[in-house]
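Only one structure is covered here, and it is reproduced in the block below.
The values are calculated or read from the model by the stated rules, or taken from the named source; none is laboratory data. Predicted, not measured: the structure shown is a model, and the values here were computed from it. In this analysis, Cβ positions are derived from the backbone assuming ideal geometry, glycine residues included, and neighbour counts consider all displayed protein chains.
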Amino acid sequence: MKAFTRETSTVVTIPGVNCDTDQIIPGRFIKADRAQGYGQFLFHDIRRSETGELDPAFPLNRPAAAAATILLVEDNFGCGSSREGAVYALVDHGIRALIGPSFGDIFYNNALKNGLVPVRLPEADCQRLAQHLAAFPDAEVTVDLATSELILPADLGRHPIVMNDFARDCILRGLDEIEMTFTYLEQIEAFEKARTGSHAWLDR
Amino acid sequence: MAQASAPRTMLGKIWDAHEILRHPSGPSLLYIDRDMIHEGSFHAFADLKRRGLMPRRPKQIFGVADHYVPTRGRALADAASPAIATMIETFDANMEWGGLRHFGLKSREQGIVHVVAPEQGITLPGLTIVCSDSHTSTQGALGAIAFGIGQSENAHVLATQTLWQVRPKTMRVTIDGVLPQGITAKDVMLYLIGTIGAGGAGGHAIEFAGQAVRNMSIEARLTLCNMSIEAAARLGMVAPDEITFDYVRGRTFAPSEQEWDVALSQWREVPSDADAEFEREVHIDGSKIAPMVTWGTSPEDAVAIDGRVPEPASFEGEEKRKAAARSLEYMDLAPGTPLDGLKIDRVFIGSCTNSRIEDLRSAAAILKGRKSVVPAIIVPGSTEVKAQAEAEGLARTFQEAGFEWRDSGCSMCAALNGDFVNPGERCASTSNRNFVGRQGPGARTHLVSPAMAAAAAITGRLTDVRRI
C-alpha cells in the first residue's frame, strides 16, 4: 500500500446521493485482472452518453479535472456491492482522497486497505465546499493525514479528519496489515486452539 | 457492577467471544469462524500467491460458484462468454490450489452462497462469518455476526483467520404485531428502508426483534437480514430460538447428534440479555405494512403498491430532490403515476433475497393454473432448492405458467453471468437492488416480493397481489 501523509489538489465534485459501487464500476468490468489497470472503468457508464461517448458535462470529463486527486461526493457514497474494484478504479485513476458526508461501510474499509483516504465531513460543510468549488473551480483542498486535518479553501476552515488511529497509522506508514497481524501469531494460535476445543464441529 | 455481569446485546456477546485482542488504537482482532468464497474472490487468491502464503485454516473456508454460473445448463460451455467461463475455472483452480472445500458448477450442493451456507449447516448461531459479498448479512438470521468484506480483507482472513474490525453501533428494529396475509419479510424490509433511508442504519448492526420476527420462519428471517445492507447496516441479525435450532439440526456441517446438547447450551446464551441497551431503537407496526414496490433507483424509493410515483419537489433537501428527478428520468416515470397497473416487460424471481423454497411456494400459489404474459424466469437459490421444487411439483406449475425454470445462481440480480434485462425494459424483480444499470445497462428494476412478481407476470403490470 502506498503511504499517504498529505495531499493538496483541486477537487472534482461527483453528483448523486447513494452513489453505489455499480456506478463507480459496473459489474461487467470486475472480472478484469488488476494488472490491466482499473482506472479505465471508473464511473464508466455514468460518464458516458447513451451512444458511448464521454459526456463533456460529467465533472470528471472536464479538461481541468485531469489533475485532480480529490473528489467531493454526496451522502452514502460507495453503498451497495462489496466489490473492491470500485476502490481499485478510483486508485488506478489517480484519486487519493474522497470528501463526503458518509460512505458505505464496506467501501470505506476497502478504501483504507488501499491507501485511499475517505474523509467524513458534515453535510452542511460539504454543501458549502460544493458551492465554493462551483464558483472557484481552481480552489485547492489539502488532506493532511499527519495532522488529521482537512484544510478547505478561502474561509471554509480547517476540519478534523476523524478516522480510527489504527487505520490512520497503517495508511501513514503504508503498512502491510497481514504482516502486522502475524506479529500477533502467538495470541491467534492460543485462541484458535481454545476455539477448536470448544467447537470441534467448526474444523472438520 | 462487575463488567462481566453487565447486560449485553447479542452483537456484544458474539463479538466478545471472538475478540483475540484489542489494539491500543481501538479495533479488535476478531477470530473468523467461516469465510465463504465465490468466483469474485480471485483478487484475494492472487494476493496470497504473491506473498507465498496458503490458507491458514482450510476447513473453515467454503467455496461456492454462484455469481458467474450459467443458469441454462451446468456445462462450462453454457457460460455466456469465454471470459465468464474463465471466472468459473479460475474459482475451481484457486479452491483446489488452497485445498479448500468447494461446491462447483456441477455440485449438488451448489447455489447462491447465502442460500447454500444456511442450507448446509455452515451458518450456525454464535459464529463470525464473512464473505466477499455485501449480502453476507443474510446469514445473521441464525444469530451470527455475518458481514461482507472486500478482497484485501478476504486475503487477510485466508492468511490469518482473523480480521481487524471496529465494533459497530447497535440498533434494534422491533417489528410488532402480526403481518397481514400476503405480507412478507421482503415487504417489511422495503418498508423499513423506505422509512429510515438507504443510509439509515449506517455504522450500525441491526438486531431484528418483535412478535412479527419471532413468528417468522428461518427463510423469512434470511430475507430480512439480507436487505439490512440496503439500509447501510454493517450487518443484520435475529436471536436464535427453537425455530433456529430445529432448522439447523441434522444439516451437513452442523454439530452432530453427539455434540448437539453442548452446542445447544452455547446457543441458548447467544440472544441479547433482556435489559441490554441499544444505541438506537426503531419500532415498526407490522400489521400496517402493505405489499411494497420500488419506483426509483435506490431501495429507499419504496412505496405501497396502492401508492403513486412521488413528486421530486416533495423531498426534503436539494440533493434528494435532484436524486428523485434523476431516478424518474432513468425509470421513465412521471410523478403521480399509480404503481398499481404500471406495465412491465419482464419478471425475475430469484437472488439471495428471495429464491428459497418458501419464496418459490408463494410464487407458485399465485401462478397455479395461470399464464405469464411477459417473459419470465425463475432461478432457484440452490441446486437443492431446485430439486425440492421439482419434487413438490412447483417446477411444473412454473413451466405451465410459461416461466423458464433455470439452474441456480445469482443470475439476473447481479447480471454478471449473461442473464440481464434489456436496455429500457421494466422488470419486476425479487432481487435486492434497483440501482442504475444493476440488472443490465439501461434496465429498469422494480423490487417486489415473490408473490408480487408472480402477480405482475400474469397481468403484465405491477399488481396488488391482494386482489389475485
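The residue that is nearest to B:LYS386 (Cα to Cα), among those in the range B:68-93 that are at the interface with another protein chain (Cβ under 9 Å from one of its Cβ atoms) and buried (at least 18 other Cβ atoms within 10 Å of the Cβ), is B:TYR68. Of the residues making up the range B:376-416, those that are surrounded by fewer than 17 Cβ atoms within 10 Å (Cβ to Cβ) and among the aliphatic types (A, V, I, L, M) are B:ALA387, B:ALA391.
Okay, residues lined up against (1) within 14 Å of chain B (Cβ to nearest Cβ); (2) modelled with pLDDT of 95 or more; (3) more than 19 Å from B:HIS156 (Cβ to Cβ):
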residue	(1), (2), (3)
A:GLN131	yes, yes, yes
A:THR142	no, yes, yes
A:THR147	no, yes, yes
A:LEU150	no, yes, yes
A:PRO153	no, yes, yes
A:LEU156	no, yes, yes
A:PRO160	no, yes, yes
A:LEU175	yes, no, no
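When A:VAL91, A:VAL87, A:VAL11 are checked against the criterion of being closer than 18 Å to B:GLU153 by Cβ, more than 11 Å from every other protein chain (Cβ to nearest Cβ) and not in a loop (DSSP other than H, G, I, E, B), a single residue qualifies: A:VAL91.
In a helix (DSSP H, G or I) and either acidic (Asp, Glu) or without any contact (Cβ under 8 Å) to a residue 24 or more places away in the chain (or both): is that true of B:ALA451 in this structure? No; evaluated as a whole, the condition is false for this residue. Taking the criterion of being more than 7 Å from chain B (Cβ to nearest Cβ) and part of a helix (DSSP H, G or I), the residues of the range A:14-27 that qualify are A:THR21, A:ILE24.
The number of residues in the range B:252-277 being within 22 Å of B:TRP15 (Cβ to Cβ) and more than 10 Å from chain A (Cβ to nearest Cβ) comes to 13. The requirement of being more than 13 Å from chain A (Cβ to nearest Cβ), assigned to a loop (DSSP other than H, G, I, E, B), in contact (Cβ under 8 Å) with a residue 12 or more places away in the chain and farther than 20 Å from B:SER298 by Cβ is fulfilled somewhere in the range B:217-226, by at least one residue.
For the range B:120-134, a tally of residues being touching a Leu at 6+ places or on another chain (Cβ under 7 Å), part of a loop (DSSP other than H, G, I, E, B) and of a type in the set (Val, Ile, Thr) returns 1. Within the range B:422-433, the set of residues being more than 10 Å from chain A (Cβ to nearest Cβ) and surrounded by 24 or more Cβ atoms within 10 Å (Cβ to Cβ) comprises B:CYS427, B:ALA428, B:SER429, B:THR430, B:SER431.
Report whether or not B:GLU281 is surrounded by fewer than 20 Cβ atoms within 10 Å (Cβ to Cβ), modelled with pLDDT of 95 or more, of a type in the set (Asp, Glu) and assigned to a loop (DSSP other than H, G, I, E, B). Against the criterion (surrounded by fewer than 20 Cβ atoms within 10 Å (Cβ to Cβ), modelled with pLDDT of 95 or more, of a type in the set (Asp, Glu) and assigned to a loop (DSSP other than H, G, I, E, B)), B:GLU281 does not qualify.
Only one entry of A:GLY52, A:GLY80, A:GLY37 meets the criterion of being more than 13 Å from chain B (Cβ to nearest Cβ) and more than 30 Å from A:ARG158 (Cβ to Cβ), and that entry is A:GLY37.
Listed conditions (1) closer than 20 Å to A:ASN164 by Cβ; (2) free of Cβ contacts under 8 Å to residues at least 60 places away in the same chain; (3) among the charged types (D, E, K, R) are all met by A:ASP92, apart from (1).
Restricting the range A:177-204 to residues that are of a type outside the set (D, E, K, R) and within 25 Å of the chain's Cα centre (by Cα), the residue that is farthest from the other protein chains (Cβ to nearest Cβ) is A:MET180. If we keep just the residues of the range A:49-67 that are hydrophobic (A, V, I, L, M, F, W, C) and assigned to a loop (DSSP other than H, G, I, E, B), which is nearest to A:ARG96 (Cα to Cα)? Checking each candidate, the answer is A:PHE58. Does A:PHE136 qualify as being over 19 Å from B:SER134 (Cα atoms) and aromatic (Phe, Trp, Tyr)? Considered against the rule, which asks whether it is over 19 Å from B:SER134 (Cα atoms) and aromatic (Phe, Trp, Tyr), A:PHE136 comes out as yes.
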